[in-house]
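Data first, discussion second: the structure below is written as structure tokens.
The values are calculated or read from the model by the stated rules, or taken from the named source; none is laboratory data. Just so it is clear, the structure is predicted and the values come from calculations on it, not from any experiment. Here the Cβ is made from the backbone with ideal geometry for all residues, glycine too, and neighbour counts use every protein chain on show.
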Amino acid sequence: MTTVDDSITSKLDVERVRQDFPALALEVYDRPLVYLDNAATTQKPESVLTEEDRWYRELCSNVHRGVHYLSQKATDAYEAARGKVASFIHAGSTDEVIFLRGTTEAINLVASTYGRQHVGSGDEVLITEMEHHSNIVPWQILCEEKEAALRVAPIDDRGQLILDEYERLLSERTKIVAVTHVSNALGTINPVREMVEMAHRQGIPVVVDGAQAVPHLNVDVQALDCDFFAFSGHKMYGPTGIGVLYGKRELLSAMPPYQGGGEMIRSVTFEKTDFAEPPARFEAGTPNIAGAVALGAAIDYLSALGLAGIAAHEQQVLAHATDAISQIPGVRIIGTAETKASVLSFVIDGVHAHDVGTILDRQGIAVRAGHHCAQPVMDRFGVPATARASFALFNTLEEADRLAAGIHQVKEVFG
């Protein structure tokens, strides 16, 4: 469980919170670390590190398969983590929560199972222009296999979805809609509930890439009414190698398994295999038990802090950084949607993003530089890459100021 004090649940005491993250005490090139690469992966609080270590030291055993004490305790911890996930995203049942390696595997599961069942020659899959490669490539593979078409809803110059165009592209040929909740490259928060309603009016199921949403927003999958929702533990202060697919129970029950092996079966003979009900049907083999338990600890941590306070703080840091950077001559912010989460992507005239990232790194400032696995977004804005600062609950206004000062230093280096 988290050690967060009750006093910081309503308004984030950032200096107190920072003490929970060992990595923030690091120095890089003799400078205090400013970690602004949270959209790639977040740092981990002590409670998450402790819980994963405790599992290996005290509870290490396989789940669901033993009658001995450790196996039962490991199973209890693993299934308790599933319950925490279900509560955190407001799923209707723990049976709707599948543990996987991350968002990428979750989307691939849906494409490979539900997609192969329901998409045929001449059909269409609809995505948006701001998708991460993980929400593009699986659908391209499916469409190529099924001789279907991938359709793309455009975005405007601010990085906002053109909702009228999205609605226009929905048709009787559309068999799946797959959209990001929050853009990893732009920070744009999509109107997912409205998009789901539009799709459902035509009987089209919706897959939501929620990787960038769960650390910043209060996600209620039942209120969104999405059919599938995928996210990763490592972007919400949990470990790498663990993620979640939420799916409506009636859809999961009708889907074939993604992989074959142990645990996902009722019975096996050489003539026939009977598969288990979800979620076991989609969790073949020994799962990442320690990762799931530690993800549960991350959920405890976020819940104790309160997502409302987290969101308010992150918006304050984002606004402060945006204001400071937008005043620097020769700097252009990529992604200026009216509704954004804590991503700030930018380019500097005459300086490649990789050079920006390298010079900032020498000042102890960690940002991401590149296309962010969103090359179509870069193409849309006519840039090869951007530098991306992405903020988390432990970042401060002073760190935003250090970022701005670092950008001034980049400009000095390049004259």
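What are the residues in region 168-212 that are of a type in the set (Asp, Glu) and crowded, with 24+ Cβ neighbours inside 10 Å, if any?
Scanning region 168-212 gives a single hit, ASP209.
Taking the residues in region 336-353 that are buried (at least 21 other Cβ atoms within 10 Å of the Cβ) and within 18 Å of the chain's Cα centre (by Cα) as candidates, determine which candidate is farthest from ALA213 (Cα to Cα).
The extreme case among them is SER345.
State all residues of region 187-238 that are farther than 20 Å from TYR166 by Cβ, part of a loop (DSSP other than H, G, I, E, B) and not hydrophobic (A, V, I, L, M, F, W, C); if no residue qualifies, say none.
Those that are farther than 20 Å from TYR166 by Cβ, part of a loop (DSSP other than H, G, I, E, B) and not hydrophobic (A, V, I, L, M, F, W, C): PRO215, HIS216, ASN218, ASP220, TYR237, GLY238.
Mind checking which residues of region 239-250 are in a helix (DSSP H, G or I) and crowded, with 24+ Cβ neighbours inside 10 Å?
Of everything in region 239-250, nothing turns out to be in a helix (DSSP H, G or I) and crowded, with 24+ Cβ neighbours inside 10 Å.
Sort out for me the helices (runs of 4 or more DSSP H) sitting completely within region 1-93 that have 2 or more residues that are farther than 20 Å from LYS235 by Cα and at pLDDT below 95.
Passing ranges, in order: 69-88.
Out of the residues in region 228-264 that are touching a Phe, Trp or Tyr at 6+ places or on another chain (Cβ under 8 Å) and among the aliphatic types (A, V, I, L, M), which is modelled with the lowest pLDDT?
MET264
Here is a yes/no grid of residues against (1) among the polar types (S, T, N, Q); (2) modelled with pLDDT under 95; (3) assigned to a loop (DSSP other than H, G, I, E, B):
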site: ALA284; (1), (2), (3): no, yes, yes
site: ALA298; (1), (2), (3): no, no, no
site: GLN316; (1), (2), (3): yes, no, no
site: ALA321; (1), (2), (3): no, no, no
site: ASP361; (1), (2), (3): no, no, no
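Being closer than 30 Å to GLY291 by Cα and touching a Pro at 6+ places or on another chain (Cβ under 8 Å): is that true of THR180 here?
In short, no.
Considering only region 251-267, state which residues are surrounded by 12 or more Cβ atoms within 10 Å (Cβ to Cβ), over 14 Å from ASP95 (Cα atoms) and touching an Asp or Glu at 6+ places or on another chain (Cβ under 7 Å).
Result: GLU263, ILE265.
Can you tell me which of (1) surrounded by fewer than 23 Cβ atoms within 10 Å (Cβ to Cβ); (2) modelled with pLDDT of 95 or more; (3) in a helix (DSSP H, G or I) is the one VAL356 doesn't meet?
(1) is the only condition that VAL356 fails.
Sort through SER171, SER134, SER183 and tell me the only one that's over 30 Å from ALA353 (Cβ atoms), in the same structural domain as GLY115 (by TED's automatic domain parsing) and of a type in the set (S, T, N, Q).
Just one listed residue meets the conditions, SER171.
Quick check on my filter: what residues within region 30-87 are over 24 Å from the mean Cα position of the chain (by Cα) and of a type in the set (Gly, Ala, Ser)?
Result: SER61, GLY66, SER71, ALA74.
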